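The values are calculated or read from the model by the stated rules, or taken from the named source; none is laboratory data. Everything numeric in this text was worked out from a predicted model, so none of it was measured. Ideal geometry is used to build each Cβ from the backbone, glycine not excepted, and the neighbour counts take in all protein chains shown. With ligands, DNA and RNA removed, areas are computed over all heavy atoms of the protein, side chains included. Shrake-Rupley method; radii C 1.70, N 1.55, O 1.52, S 1.80 Å.
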Amino acid sequence: MIKLYTTLFLLAISSALTAQSTVATSPLFDTTTNSTWTHVFTAVKTSDSSSGEAQTIVINVTTLPAGGANYRVYKTTANGGDYFGNAQALALGENTITVSGVSFDRAVKIQVNSGDIEFDAISVNDGSDALDVATSPLFNTGPNATWTHVINAALTTDGASSQATQNMVINVTTLPSSGANYRVYKTTANGSDFFGTVQALALGENTITVGGVSFDRAVKIQVSTGNIEFDNITLNSSANTVVLSHQTSSLFDQGTNSTYPNVFTAAVIADGASSQAEQTISIYVNELPPSGGAYRVYKTTANGSNFFGTAQALTLGQNTITVAGVSFNRTVKVQFGDNIKYDALSLNGSSVLSLDKMDNSSMTLYPNPVADMLSVSGIDNVASIKVYSIVGALIKEVKNTNTIDVSSLSTGLHIIEVNNGQKQMGKFIKK
């Protein structure tokens, strides 16, 4: 059983993507708040290692609205500013949009002025080093018409190694116009079949983590189409276990209770309506201290009082903590004991950002909560400031400044990374 794939396949693969979709209904395009440029396609993010390279986006348009349709290029500049290119007309057939390379990290997006554009293929940097799932020797034929292809991460016959955490990373270069999904299959302790929830694949790097267990098992990743192109796939290339502690994980704040010193914030009042929704926190525990580990739920009530739930024991493996929805804005936190090791954490079905936390005792964020301008003090020679959502999406980046305008961010909790040669992490609440 091969345990590490690092493949740049030198094969010329031509994709036959026949499924037709409109911009408005395609999961590849996001809706904007701009009434002229209504939808946007993200070619590359600042956090992508290849973001400085030339970007070539190819879209095959099958139908245009009666008045035609335009696109323009958006990209971030070296100083973190915004650049908008001139409007260009889209044509029926293949449209190739090229954005030149630069020497800095940047975001590149394509904005269009209509959701009624129909297309049947779109690709980013589609070159001779890409392979599609249907022809890749790494994928086998899937079990049914819905899940057409499968890759084996571990087999029961692998013995002890099948029990370990399985971590697969796939860099997707092209998706069908209707998108593509994956789900995890694994066998349970009694030999039964378990199928995980359906998850959407995205262009760029996708990380799929399956927590470790104490028995031999099979783990497979099933995908919904063979028309997914990728240029790199790795399995178990690095260790991901983190010690649950406010000192070692950026996901946890230091609490005031010595029994529950590590606090994970699921929702805050400033999140508004989303704070009222049911909150589901899942954590996969690899190791517990000899005395065991526990957690309790904290939430605010309708009249603003504090509520602390009863202590609950953590177990090895998957732990799911559900806090029922309410009809008022509230804060929800989960308080944990110390020295608990975990390798996966998700909030409401999305994996949360898990960057190791550097020593940030010298860093201060103010004001916090913040409405518009957030300042960083206690750090000199700041090279960059990055703001992430709690689920790890890079939202904004500025360079060579100690302040960042967060007025356009959604209300609620965000994570900030300040880099002056050493990365330091923090959290703030946008009002």
### Extreme residue, nearest to Gly204 (Cα to Cα), among residues of the stretch 66-110 that are open to solvent by less than 30 Å² (accessible area, probe 1.4 Å) and not in a strand (DSSP E or B)
Ala107
## Note on the structure
Within the stretch 292-317, residues of a type outside the set (A, V, I, L, M) and in a loop (DSSP other than H, G, I, E, B) come out as Gly292, Gly293, Thr301, Asn303, Gly304, Ser305, Gly309, Thr310, Thr315
### Query
For the stretch 362-431, which fully contained strands (runs of 3 or more DSSP E) count at least 2 residues that are crowded, with 17+ Cβ neighbours inside 10 Å?
373-377, 384-388, 394-399, 412-419, 423-430
### Summary
Of the candidates Asn360, Asn329, the one satisfying the condition of being in contact with a Gly (Cβ under 8 Å, 6 or more places away or on another chain) and at pLDDT 85 or above is Asn329
### Task
Find the residue count for the stretch 40-51, including only residues that are open to solvent by less than 30 Å² (accessible area, probe 1.4 Å), touching a Leu at 6+ places or on another chain (Cβ under 8 Å) and not hydrophobic (A, V, I, L, M, F, W, C).
1
### Task
Please verify whether the stretch 52-65 includes one or more residues that are on the phi > 0 side of the Ramachandran plot and either part of a loop (DSSP other than H, G, I, E, B) or open to solvent by less than 80 Å² (accessible area, probe 1.4 Å) (or both).
no
#### Entry: Complete set of residues in the stretch 13-31 that are at pLDDT 80 or above and open to solvent by less than 40 Å² (accessible area, probe 1.4 Å)
Thr22, Val23, Phe29
### Query
Quick one: Pro290 ticks every box in (1) open to solvent by 50 Å² or more (accessible area, probe 1.4 Å); (2) closer than 20 Å to Ser346 by Cβ; (3) of a type outside the set (Lys, Arg) bar one, so which box is it?
(2)
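So that you can scan it fast, the table gives a plain yes or no per residue for (1) closer than 25 Å to Ala266 by Cβ; (2) over 25 Å from the mean Cα position of the chain (by Cα); (3) modelled with pLDDT of 90 or more; (4) not charged (D, E, K, R):
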{"position": "Met373", "(1), (2), (3), (4)": "no, yes, yes, yes"}
{"position": "Asp380", "(1), (2), (3), (4)": "no, yes, no, no"}
{"position": "Ser384", "(1), (2), (3), (4)": "no, no, no, yes"}
{"position": "Val391", "(1), (2), (3), (4)": "yes, no, no, yes"}
{"position": "Ile395", "(1), (2), (3), (4)": "yes, no, no, yes"}
{"position": "Thr401", "(1), (2), (3), (4)": "no, yes, yes, yes"}
{"position": "Ser408", "(1), (2), (3), (4)": "yes, no, no, yes"}
### Summary
In the stretch 187-214, anything surrounded by 14 or more Cβ atoms within 10 Å (Cβ to Cβ) and more than 22 Å from Phe230 (Cβ to Cβ) is listed as Thr187, Gly211, Gly212, Val213
#### Entry: Unmet criterion (only one of (1) open to solvent by 50 Å² or more (accessible area, probe 1.4 Å); (2) farther than 30 Å from Val398 by Cβ; (3) assigned to a loop (DSSP other than H, G, I, E, B); (4) in contact (Cβ under 8 Å) with a residue 12 or more places away in the chain) for Ser114
(1)
### Residues within the stretch 131-149 that are farther than 12 Å from Thr225 by Cβ and in contact (Cβ under 8 Å) with a residue 24 or more places away in the chain, tallied
5
### Query
Just checking, how many residues over the stretch 318-338 are open to solvent by 10 Å² or more (accessible area, probe 1.4 Å) and not in a loop (DSSP other than H, G, I, E, B)?
6
### Query
How many residues are open to solvent by less than 20 Å² (accessible area, probe 1.4 Å) and free of Cβ contacts under 8 Å to residues at least 60 places away in the same chain if we restrict to the stretch 170-183?
3
### Query
Of Lys75, Lys45, which residue is under 23 Å from Asn400 (Cβ atoms) and without any contact (Cβ under 8 Å) to a residue 40 or more places away in the chain?
Lys75
### Summary
Within the stretch 258-280, restricting to residues that are closer than 14 Å to Arg296 by Cβ and surrounded by fewer than 14 Cβ atoms within 10 Å (Cβ to Cβ), the one that is modelled with the highest pLDDT is Thr259
